[in-house]
Each structure stands twice: as C-alpha cells, then as structure tokens.
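Novice: I have a structure here, written as structure tokens, and I will follow up with some questions on it.
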Amino acid sequence: MQNRLTVVVVEEDRDRVIGIVDALSETGDCDVYVIGNYTGLARKIAEHAPDIVLIDIDNPTRDMMEELTLASGPLDRPVAMFVSGAAGGLAQKAIEAGVSAYVVDGLAPERVKPVMNTAIARFRMVRQMRHELAETRRALEERKVIDRAKGLLMKAKGIDEDAAYALLRKTAMDQGRKVADVAEALVTAAGLLG
Amino acid sequence: MRRVTIPVAYMPLVDAAPLIIAQELGFAEAEAIGLDLIAAPSWSSLRDMLGFGRVDAAHMLSPVPVAMRLGLGGMGVSLAAVCVLSVNGDVIGIGRPLEEKLRASGFGFDFEDARTAATALQNARRDKLVLGVPFPFSMHVELLRYWAERTDLGVDSIEIRTVPPPLMAEALEAGDIDAFCVGEPWGSVAVDRGVGALLLPGRAIWQGAPEKVLATRSDWAETEPDLLGRLIRAVWQASRWLAKPDSRIAAAEILSRKGYLDLPPELIDRALSGRMILSGHGEQRQCDGFLRFHGAAATFPWRSQAKWIAHRLAKAHGLGPDTDAAASVFRADLYRQHMTQTDADLPGASAKLEGAIRHPTAVASTRGALNLLPDRFFDGAIFDPDAPE
C-alpha cells in the first residue's frame, strides 16, 4: 500500500503558494501539485488523483470539486480541505460529518502543517476503516459458506454439526487448504449435482 | 411580536429577488423578522452553511434537498423545501464556434423550439458536446439531460461539467465548454462579453420547472414553526410585489446594488421582463414567463415536482425506484399550514400530473379562483407522480 499522499493546492496567489508548498514539504511524505489557473480545473485535478485538495472555502471553484467527489464512492473520494477565516464552527462539524476537512484562519503557510497532520490522520483512518470493512465482509461471506457446507454434510451423512465441522477442518488440513475454500468447493459441487 | 433576525444564504442571481426584496422593501419587517442575507461563494458552501447551522434558510437549487434525501452528494442532513422561490429562468447558450456553424446552416435562433435547436446542434457538433452547468444537482442538469434524451441530440453526445457561473463566459471563451445552461444574469453576461449566443430558455424544455426553493433544515422547520411561517409569508409578499409590472424597474435597481448582484440594472432587467438579447448581433426575443415568482401557485411546493426530480435523479444515478421519501422534502404540508392566514389561494391537491396543463386551467382551490399556467414538457410527455415510467 502506498504511503505517500498526493496533495493538490488550488491557489492563484504565487506568494501564498510558495509558503504553502514549503510548509507541505516539511511534513515530508507527500507529493504536491499546484494549480494556479482555473481553466479546466476539474480535469487537471482528476489527472493527479489527489488524496487531499487544499482550497480556500470562499473559492467559487469549490463546486467543481463536488463533481469530483461524486465520481467515486464516499470513502474513496479525495479528502477536500477547505480553509477559511470566517467559517467558524463549520470546520469541526464538517469534519465530524466526514464531508471534508475544514480549517479556520485562511490558507496560510503556518497553518498548513497541523492541518496536514489532521488530514493524514483522517486519511489513514478512512483507509483503515475501508480495510476493516472489507475484512468483515469477507469473514461474513466465509461463515455463510461454511454454514451451508456443514448443513450439506449433516444431511448427507446424518452427522451432527460439530462432526460436520470437524470433517471440514480435517479435509482442509489434509489438503493444505482453508476451511472456507473446502466449504466453497463442497457447496459448488452440491449445486452442480443438484 | 419580538423582532428576530434570521440568517439566510443566497447566491447572487436574479432569482434571489424574493429574498432580497423581502428584506429591502419591508415585507420581512412586516412579519417582525429581519433577514441577514449572506452571499455564498459557491453552491457547496451555501449547502454547508445551511447544513451545519451557519444560516437557518437558503436560496437553493430545487434538486439539492431531493438529492440529499436520496443520499447523493454527501452530508447526512435532512433539508426541507418550504416553498418554491422561482419557476423557470435558466438559459442555454452556445459559444462562438457553434454559433457560427448554426448561422451558416441557416438556423433561425427562434429561442423557442427545443427540437429544432437540438437537431441543429447535433448536425453542427464534431465531438461530444461539452456543456457547463453551475452544480451537479440542479434543474440545469435535469433539463439538459431530459432534452438531450428526447431529441436528435441523444444523451450520449453530451457531457455535463460543473463550472461556477461567474467563470462560465471565460470557460466558453477558453473552449473548456462548448455550451452552457445557467441562471440569469450569467447567460446575458456571456452575450455581452461577446463570447456566445443564447439558444433556448429553460422553459422551452419544461414550462413549469421549479428552479429555486427556499430550504431550511428539516428540524428547524419543525421546531421553529413561528419563524418559518413569518419567513414564508414575507417571501410570498415579496414575490407578489415582484410580479407587478410596475415593480420591474425598481426591482432591477435594487438587485443591481453592490451588496447584491453588482451588475448593471439593464442586464438584470432582461430576465425580469423576458426581453432577452440573444447575441452580439443584437437579436431580441420576447419570452413570456421566462422567470416567474408569483401567481398560479408558482410558490407552492408541489410534491409531484419533487417526485419528478427524485425520479430523474434515481434513474441517472442508478438508485432504486422508491423515491417517495425523497419527494416528501417538498413540504406542501408546512406551506399550507403557514399560508392559511393569508389571502393566498391554495390548490386543493398537493400533487398534479406534471406536463398535463396546455392552457390556463381553473383548478380546485381554497378561494376558488386559482388558474394554473401551462407546464408542458417540450415532447408533450406527462409525468404521473403515482406511476412514474
């Protein structure tokens, strides 16, 4: 799994950009791209497939970002970070809602580092969540198959549940395969023999 | 009554008029409220301001609350559309390269016939037709898709991209987009900058399209019934004033102020009067009902309109067919509750067959004098909210 973050900064002001890029490079593990011209913005951003987009909350091009986040699932979308002086309590609530990371005080270089740390933490958390979700889903699927295989064995051989599971496990060990795989094969075979 | 100030977000567009007028001409004051009008820099900001409680009400694209209830576009906040702020008012415009091709082919720019306009575009385009819209959830997108789907153009020949309206003319000039669908004054701005021509008004696709709604958080609408009532009534009075022919010049003047649209009143007047200037060639077309604020139950949040939006969104985004909950965000019930004490003539039903009215038609209403105006789709289709195809 790749650990470097891809960050896109949308900002026209050159001086601010330099400050922000410097602050970002201090945080180390990220690749930074700057977009200073709004023409074709959505396409340019999409090309970089960023993990984080840094943009001022008052920037009207924010609506283009909405389009990008729609293209992917809610957990896959880039974490768009909107920064503003006036947003006040909006920031915390927005983060809690999982929409994006908002920060107050404007898109200023000295604010970038703590903000990036928050964003990185959130990025990792989301990735962890995604991973766990996939794991849970897989485990659930496996249990379902094993249950069905047990049921088939109990019916075919007239044995109880424990014995059916023991049989599955023994076969799996003998063949050097996973219990779920053996169960899967059995369920498929039973389906074919119908 | 204790005077209360309600923070309200809006986008600086001509159709924000009911809110601006309610505040400026004292209709809010008459209900003992003040509107603290906050101009939003983008539709996403406006939605977030409302969702997170920075403001209590907002001038919103009619499909946004519906989309949010369908789980589209992030943010798990439930919004209510408590009244419609404007009907129609969008324009479809094209850039210079397309305009020249259309002129060369003898296209008449009648600003009326959606079918012939689509055919002309289909013949003129070389690649996919890239159209700019203000936001992914908007009547603009819905009208464009509906139109392309049911004409020679075909839905596969268009690509819709989000472009903030103030940047629309620039994007057209840069060739980022070939055409656009946008709310006024931004279509006219593109014309005056000489970068494009207007092709069709939104109403050439659907004569009864709810364009903007007044939205609040659902919980606010339930827990602040008194404030909500005052707000709905103030906006309704403002829309009544706006519909008077004598009000037009004053309205354009107020909207043009620096704190609001900050554009010449002449430009704003085009949408208010329906006298649209189509291109640098100076062609002028009169489009009656270009943008409507009041009368014929224009402000009534019809469930069937929300149902149409929900149905279209569900189809476009591959969602299940159950859109009843999403359609219920248009709160006809709250509107009735808060408008009974006025002299408004409320329709007897809260849903209608969309697109079925071809001529001004008398319908059952609380005062018995309500005529609904034509709400035809250009292809003559009728949308039955109880049996959407």
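The values are calculated or read from the model by the stated rules, or taken from the named source; none is laboratory data. Here the structure is a predicted model, which means the values were calculated and not measured. Glycine gets a Cβ as well: all are built from the backbone with ideal geometry, and neighbour counts include every protein chain shown.
Here's the yes/no breakdown for (1) surrounded by fewer than 17 Cβ atoms within 10 Å (Cβ to Cβ); (2) aromatic (F, W, Y); (3) closer than 20 Å to B:H140 by Cβ:
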site: B:G280; (1), (2), (3): yes, no, no
site: B:W302; (1), (2), (3): no, yes, yes
site: B:W308; (1), (2), (3): no, yes, yes
site: B:P321; (1), (2), (3): yes, no, no
site: B:V329; (1), (2), (3): no, no, yes
site: B:A332; (1), (2), (3): no, no, no
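Novice: Would you be able to tell me the number of residues in the stretch B:35-72 that are assigned to a helix (DSSP H, G or I) and either within 11 Å of chain A (Cβ to nearest Cβ) or surrounded by 24 or more Cβ atoms within 10 Å (Cβ to Cβ) (or both)?
Specialist: Here is the first cut: in the stretch B:35-72, the ones assigned to a helix (DSSP H, G or I) are B:43-51, B:63-69.
From what is left, the residues that are either within 11 Å of chain A (Cβ to nearest Cβ) or surrounded by 24 or more Cβ atoms within 10 Å (Cβ to Cβ) (or both) are B:43-51, B:63-67.
Qualifying residue count, the stretch B:35-72: 14.
Novice: Filter the stretch B:192-207 down to residues that are more than 20 Å from the chain's Cα centre (by Cα) and outside any strand (DSSP E or B) and give me whichever is surrounded by the most Cβ atoms within 10 Å (Cβ to Cβ). Outline the logic, then answer.
Specialist: We begin by selecting, within the stretch B:192-207, every residue more than 20 Å from the chain's Cα centre (by Cα); these are B:192-197.
Pick out the ones that are also outside any strand (DSSP E or B) and you get B:192-195.
On the way: B:D192: 17, B:R193: 14, B:G194: 12, B:V195: 20.
The residue in question is B:V195.
Novice: Let me ask something else. I need the full set of residues from the stretch B:185-228 which are farther than 22 Å from B:S138 by Cβ and not aliphatic (A, V, I, L, M), in order please.
Specialist: Residues satisfying the conditions are B:D192, B:R193, B:G194, B:D219, B:W220, B:E222, B:T223, B:E224, B:P225, B:D226.
Novice: Scan the stretch B:169-191 and give yes if some residue there is surrounded by 22 or more Cβ atoms within 10 Å (Cβ to Cβ) and over 25 Å from A:E66 (Cβ atoms), otherwise no.
Specialist: yes
Novice: Please tell me if B:S86 is among the hydroxyl-bearing types (S, T, Y) and under 23 Å from B:A250 (Cα atoms).
Specialist: Numbers: among the hydroxyl-bearing types (S, T, Y): yes; under 23 Å from B:A250 (Cα atoms): yes.
Considered against the rule, which asks whether it is among the hydroxyl-bearing types (S, T, Y) and under 23 Å from B:A250 (Cα atoms), B:S86 comes out as yes.
Novice: Is there a residue being in the same structural domain as B:P18 (by TED's automatic domain parsing), modelled with pLDDT of 95 or more and touching a Leu at 6+ places or on another chain (Cβ under 8 Å) anywhere in the stretch B:68-80?
Specialist: Filtering the stretch B:68-80 down to residues in the same structural domain as B:P18 (by TED's automatic domain parsing) leaves B:68-80.
Next, only the ones that are modelled with pLDDT of 95 or more stay: B:79-80.
Checking which are touching a Leu at 6+ places or on another chain (Cβ under 8 Å) leaves us with B:79-80.
Yes, there is a match, as at least one residue in the stretch B:68-80 is in the same structural domain as B:P18 (by TED's automatic domain parsing), modelled with pLDDT of 95 or more and touching a Leu at 6+ places or on another chain (Cβ under 8 Å).
Novice: With the condition kept exactly as written, say whether any residue in the stretch B:20-34 is among the hydrophobic types (A, V, I, L, M, F, W, C), within 14 Å of chain A (Cβ to nearest Cβ) and under 27 Å from B:P265 (Cβ atoms). Talk me through it step by step, then tell me what you get.
Specialist: At the first step, the residues of the stretch B:20-34 found to be among the hydrophobic types (A, V, I, L, M, F, W, C) are B:20-22, B:25, B:27-28, B:30, B:32-33.
Right, trim to within 14 Å of chain A (Cβ to nearest Cβ) and you get none.
Within the stretch B:20-34, none of the residues are among the hydrophobic types (A, V, I, L, M, F, W, C), within 14 Å of chain A (Cβ to nearest Cβ) and under 27 Å from B:P265 (Cβ atoms).
Novice: Hey, any hits in the stretch A:136-157 for a residue that's modelled with pLDDT under 95, of a type outside the set (S, T, Y), surrounded by 17 or more Cβ atoms within 10 Å (Cβ to Cβ) and under 30 Å from A:D15 (Cα atoms)?
Specialist: No, that holds for no residue.
Novice: While we're looking at this one, here's another question. Looking only at residues that are more than 9 Å from chain A (Cβ to nearest Cβ) and polar (S, T, N, Q) in the stretch B:125-178, which one is farthest from B:V87 (Cα to Cα)?
Specialist: B:S157
Novice: Restricting the first residue to the stretch A:20-32 and requiring it to be more than 15 Å from A:V53 (Cα to Cα) and charged (D, E, K, R), which pairs with a second residue that is modelled with pLDDT under 75 and assigned to a helix (DSSP H, G or I) meet a Cβ separation below 8 Å and a spacing of at least six or different chains?
Specialist: Going by the 8 Å Cβ cut-off, the qualifying pairs are A:D22/A:P109; A:E26/A:K113.
Novice: Can you tell me which residues in the stretch A:20-50 are away from chain B (no Cβ under 14 Å), part of a helix (DSSP H, G or I) and buried (at least 17 other Cβ atoms within 10 Å of the Cβ)?
Specialist: The answer is A:I20, A:V21, A:A23, A:L24.
Novice: Take residues that are of a type in the set (S, T, N, Q) and tell me which of the helices (runs of 4 or more DSSP H) falling wholly in the stretch B:236-354 contain 1 or more. Give the derivation first.
Specialist: On the way: elements: B:248-255, B:265-273, B:303-316, B:324-327, B:332-339.
In the stretch B:236-354, B:265-273, B:303-316, B:332-339 are the helices (runs of 4 or more DSSP H) which contain 1 or more residues that are of a type in the set (S, T, N, Q).
Novice: Within the bounds of the stretch B:319-328, is there any residue that is farther than 22 Å from B:A81 by Cα and not assigned by TED's automatic domain parsing to the domain that holds B:L199? First the steps, then the outcome.
Specialist: Of the residues in the stretch B:319-328, the ones farther than 22 Å from B:A81 by Cα are B:320.
Applying the additional criterion that residues be not assigned by TED's automatic domain parsing to the domain that holds B:L199 yields B:320.
Yes, the stretch B:319-328 contains a residue that is farther than 22 Å from B:A81 by Cα and not assigned by TED's automatic domain parsing to the domain that holds B:L199.
Novice: Additional query: Return yes or no: is B:V8 at pLDDT 95 or above, assigned by TED's automatic domain parsing to the domain that holds B:M339, outside any helix (DSSP H, G or I) and over 20 Å from B:P166 (Cα atoms)? Reasoning before the result, please.
Specialist: Working: at pLDDT 95 or above: yes; assigned by TED's automatic domain parsing to the domain that holds B:M339: yes; outside any helix (DSSP H, G or I): yes; over 20 Å from B:P166 (Cα atoms): yes.
In short, yes.
Novice: Confirm whether B:A28 is assigned to a helix (DSSP H, G or I), among the hydrophobic types (A, V, I, L, M, F, W, C), crowded, with 24+ Cβ neighbours inside 10 Å and in contact with a Leu (Cβ under 6 Å, 6 or more places away or on another chain). Outline the logic, then answer.
Specialist: On the way: assigned to a helix (DSSP H, G or I): yes; among the hydrophobic types (A, V, I, L, M, F, W, C): yes; crowded, with 24+ Cβ neighbours inside 10 Å: yes; in contact with a Leu (Cβ under 6 Å, 6 or more places away or on another chain): yes.
Here the answer is yes, as B:A28 does meet what is asked.
Novice: Given the conditions (1) out of contact with any Pro (no Cβ under 8 Å at 6 or more places or on another chain); (2) within 14 Å of chain A (Cβ to nearest Cβ), report the number of the one that B:I205 does not fulfil.
Specialist: Among (1) out of contact with any Pro (no Cβ under 8 Å at 6 or more places or on another chain); (2) within 14 Å of chain A (Cβ to nearest Cβ), B:I205 violates only (2).
Novice: Still on this structure: Pairs, please: C-beta under 9 Å, at least 6 apart or cross-chain, first residue in contact (Cβ under 8 Å) with a residue 40 or more places away in the chain and closer than 15 Å to B:I254 by Cβ and in the stretch B:15-39, second assigned to a strand (DSSP E or B) and of a type in the set (K, R)?
Specialist: That search, which allows pairs on different chains as well, returns B:D15/B:K212; B:A16/B:K212; B:P18/B:K212.
Novice: Under 9 Å between Cβ atoms, which residue pairs at least 6 apart in sequence (or on different chains) link something in the stretch A:138-161 that is within 21 Å of A:G194 (Cα to Cα) with a partner that is part of a loop (DSSP other than H, G, I, E, B)?
Specialist: A:L153/A:I159; A:M154/A:D160
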